[in-house]
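K.L.:
Have a look at this one before I ask anything.
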Amino acid sequence: QVQLVESGGGLVQPGGSLRLSCAASGMIFSIYAMGWYRQAPGKQRELVAAITSGANTNYADSVKGRFTISRDNAANTVYLQMNSLKPEDTAVYYCNAHLLHSAYWGQGTQVTVSS
């Protein structure tokens with residue numbers, strides 16, 4: 001069965017950095033598109049960044065230039081490097097795996113940006 005396990009969240013000051021990781025198992029990782037979504041309290045879940053099986057990337061306008069998504073197919077892991085963090089980046093961050101009509105979600109990891 002497919003499992004996605006996020007890690008790397010936490011409390012960071014504005015301007016700081018965090019790197020999120022999502023370890024996948026039970027799937028042929030390399031053929032899946034992977035994404036990071038986030039959901040802040042009272043708001044809808046939104047796409048933050050995505051990377052295709054061919055390593056093409058796209059980002060939400062709000063994070064362009066600050067966040068970088070990458071993947072290591074040998075390690076079955078997708079990463080989200082987050083720099084210059086802002087209080088409005090505070091949310092639960094979710095890993096997503098997508099292939100045709102199949103989609104899987106991790107349990108989420110909390111990121112809090114506060115002084």
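The values are calculated or read from the model by the stated rules, or taken from the named source; none is laboratory data. As the structure is a computational prediction, the values presented were derived from the model and not from experiment. Positions of Cβ are generated from backbone atoms using ideal geometry, with glycine treated the same way; all protein chains shown enter the neighbour counts. Areas reflect the complete protein model, heavy atoms only, side chains present, ligands, DNA and RNA absent. Shrake-Rupley method; radii C 1.70, N 1.55, O 1.52, S 1.80 Å.
K.L.:
Find how many whole Å separate the alpha carbon centroid of the stretch 71-115 from the alpha carbon centroid of the stretch 6-35.
P.N.:
4
K.L.:
In percent, what relative contact order does the chain have, based on Cα pairs under 8 Å that are 6 or more apart in sequence?
P.N.:
Over the chain, the number comes to 36 percent.
K.L.:
So, counting K/R as plus one and D/E as minus one, what does the shell of residues with Cβ under 14 Å around ASP89 add up to?
P.N.:
Taking every other residue near ASP89 into account, the sum is +3.
K.L.:
With a 1.4 Å probe and all protein chains kept in place, how do ARG38, ARG71 rank by accessible area, largest first?
P.N.:
ARG71, ARG38
K.L.:
What's the extension gain from LYS64 to HIS101 if we count 0.36 nm per residue and subtract their Cα-Cα distance?
P.N.:
Contour length minus Cα-Cα distance gives 10.5 nm.
K.L.:
Could you order GLU46, GLU88 so the one with the most accessible surface comes first? Probe is 1.4 Å.
P.N.:
Result, largest first: GLU88, GLU46.
K.L.:
Dipole magnitude of the stretch 24-95 about its Cα centre, charges +1 at Lys/Arg Cβ and -1 at Asp/Glu Cβ only, in debye to the nearest 20?
P.N.:
80
K.L.:
Using a 1.4 Å probe, how large is the accessible area of PHE67, given in Å² and rounded to the nearest 10?
P.N.:
Only protein atoms counted, so the area is about 10 Å².
K.L.:
Sort SER115, SER21, SER30 by heavy-atom solvent-accessible area, probe 1.4 angstrom, most to least.
P.N.:
Result, largest first: SER115, SER30, SER21.
K.L.:
Label VAL2 and SER115 with points 7 Å out from Cα along Cα→Cβ: what is the distance between them in nm?
P.N.:
It works out to 4.2 nm between the two label points.
K.L.:
With the full set of protein chains in place, find how many percent of the accessible area of the chain is carbon and sulfur; take the probe as 1.4 Å.
P.N.:
The nonpolar share, carbon plus sulfur, comes to 48 percent.
K.L.:
Here is a follow-up. For the chain, what is the accessible area per residue in Å², given a 1.4 Å probe and the full set of protein chains?
P.N.:
Result: 52 Å² of accessible area for each residue.
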